[in-house]
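The values are calculated or read from the model by the stated rules, or taken from the named source; none is laboratory data. On a predicted model such as this, the values are computed, not experimentally measured, just so you know. Reconstructed Cβ throughout: ideal geometry from the backbone, glycine too, with neighbour counts over all protein chains shown. Only protein heavy atoms, including side chains, enter the accessible area calculation; ligands, DNA and RNA are left aside. Shrake-Rupley method; radii C 1.70, N 1.55, O 1.52, S 1.80 Å.
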Amino acid sequence: MKITPSHLVAIMRCHDATARLWADPLNNACERFEINTPLRVAAFLAQVGHESGRMSRMVENLSYSAAGLMIQWKDLFDAELAAACARQPERIANIAYGGRMGNTAPGDGWKFRGRGLIQITGKSNYIACGAALQLDLLTHPELLERPQHAAMSAAWYWDSRFLNALADVGDIQNIGSLINTGRRGRVPHGAEERKALYQVALKALA
């Protein structure tokens with residue numbers, strides 16, 4: 001099925017210009033990765049809508065307050081470290097993501113922070129995504145900020161986690177959990193917005 005700008009305006013509550021910018025990249029991505037039924041498209045748009053601030057943000061916002069750091073990464077930031085790092089996105093990224101997800105070199109956490117409509121994060125994911133889409137994301141991670149690559153990388157991630165199968169049975173909770181936490185059975189950040197966007201998308205796409 002085809003996503004129209006009108007669908008995106010209705011679902012994302014975005015401006016018409018934003019909807020026109022994203023319609024073709026989303027359709028191309030959905031076609032390639034068989035996100036091709038109302039259930040699949042509704043679930044996909046609900047997740048990318050939440051992850052990207054309704055298609056307004058292609059790079060992860062890491063400007064956390066001290067309190068926010070202790071909530072988001074309670075195992076990494078105690079009160080002292082959180083106070084020292086508050087509102088310093090690069091420093092936060094290197095602490096939060098350093099030494100995991102394939103990030104081994106100094107600065108990898110910041111370089112490979114979340115980008116695209118589903119926030120591809122970590123060098124390992126950038127390598128896998130780049131190989132699948134034939135993009136040099138190690139040298140140019142910022143390519144994922146461009147609409148065509150932001151959409152395609154989101155659909156690649158969706159496909160790589162077999163999320164069409166969950167969308168086919170309406171399992172929105174576990175789709176969000178896998179995207180946000182990497183595991184089933186957890187409550188993802190923004191769970192209520194994900195569900196609300198899904199319901200709106202189902203109606204808009206009917």
Per the list (1) assigned to a helix (DSSP H, G or I); (2) among the small types (Gly, Ala, Ser); (3) open to solvent by 40 Å² or more (accessible area, probe 1.4 Å), residue check on ALA105 breaks on (1)
From the list GLY114, GLY130, GLY182, GLY190, pick out the single residue that is more than 22 Å from THR37 (Cβ to Cβ) and in contact with a strand residue (DSSP E or B) (Cβ under 7 Å, 6 or more places away or on another chain). GLY114
Being touching a Cys at 6+ places or on another chain (Cβ under 9 Å), under 23 Å from SER56 (Cα atoms), of a type in the set (Gly, Ala, Ser) and at pLDDT 95 or above narrows it down to one residue among ALA150, ALA155; which is it? ALA155
Residue that is open to solvent by 50 Å² or more (accessible area, probe 1.4 Å) and of a type in the set (Gly, Ala, Ser), where the choices are GLY114, GLY68, GLY99: GLY99
Exception for SER6 within (1) surrounded by 15 or more Cβ atoms within 10 Å (Cβ to Cβ); (2) among the hydroxyl-bearing types (Ser, Thr, Tyr); (3) outside any loop (DSSP other than H, G, I, E, B) falls at (1)
Taking the range 117-132 and keeping residues without any contact (Cβ under 8 Å) to a residue 40 or more places away in the chain, open to solvent by less than 30 Å² (accessible area, probe 1.4 Å) and at negative phi leaves ILE120, TYR126, CYS129, GLY130
When the range 166-195 is examined, which residues are found to be closer than 22 Å to ARG13 by Cα, open to solvent by 30 Å² or more (accessible area, probe 1.4 Å) and free of Cβ contacts under 8 Å to residues at least 60 places away in the same chain? HIS189, GLU192
Could you check the range 134-165 and list, in sequence order, the residues that are of a type in the set (Asp, Glu) and open to solvent by less than 20 Å² (accessible area, probe 1.4 Å)? none
